[in-house]
Amino acid sequence: MENVVETVRFKLVEGTDTQAFVAAAENTESFIRDFEGFQYRSLSYNADSQLWTDIVYWATMENAVAASEQFMSFEAAQKLVAFIDPTSLVMAHDYVKMSVCSSSM
């Protein structure tokens, strides 16, 4: 069975304090980390495009879909999503076909 990568790309609501947003993202870690099938998460930012990318690796598509369906029931998730411009949000679940990790990870 192949693992799954969840990619969420978005811009923040104009005027958002990025430190407050990152703190809100950190507050969702317990939901993500404790959800069945969780493997890895990162949050990155591209200054040129002002796009944020939240990447989560899951053991199965079922894990990824279940987590995304239940995410908004988590109070911290609602606070996080309030920072996101909904018109910019693009989310995808894709099967990982190849991956390489550093031996130091």
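Do we have F31 as touching a helix residue (DSSP H, G or I) at 6+ places or on another chain (Cβ under 6 Å) and modelled with pLDDT under 95 here? Spell out how you get there, then give the answer.
Values: touching a helix residue (DSSP H, G or I) at 6+ places or on another chain (Cβ under 6 Å): no; modelled with pLDDT under 95: yes.
Against the criterion (touching a helix residue (DSSP H, G or I) at 6+ places or on another chain (Cβ under 6 Å) and modelled with pLDDT under 95), F31 does not qualify.
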Looking only at the stretch 68-84, decide whether some residue is open to solvent by less than 90 Å² (accessible area, probe 1.4 Å) and charged (D, E, K, R). no
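Got a number for residues in the stretch 85-94 being in contact with a strand residue (DSSP E or B) (Cβ under 6 Å, 6 or more places away or on another chain) and either in a strand (DSSP E or B) or surrounded by fewer than 11 Cβ atoms within 10 Å (Cβ to Cβ) (or both)? Give the steps one after another, and end with the answer.
Looking only at the stretch 85-94, we keep the residues that are in contact with a strand residue (DSSP E or B) (Cβ under 6 Å, 6 or more places away or on another chain), and these are 88-94.
Adding the requirement that they be either in a strand (DSSP E or B) or surrounded by fewer than 11 Cβ atoms within 10 Å (Cβ to Cβ) (or both) leaves 90-94.
Of the residues in that region, 5 qualify.
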I84 being touching a residue at least 60 places away in the same chain (Cβ under 8 Å) and among the aliphatic types (A, V, I, L, M): yes
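The values are calculated or read from the model by the stated rules, or taken from the named source; none is laboratory data. This one's a predicted model, so the numbers in the text were calculated from it and none came from an experiment. Glycine gets a Cβ as well: all are built from the backbone with ideal geometry, and neighbour counts include every protein chain shown. Just so you know, the surface numbers come from the protein's heavy atoms only, side chains and all, with ligands and any DNA or RNA stripped out. Shrake-Rupley method; radii C 1.70, N 1.55, O 1.52, S 1.80 Å.
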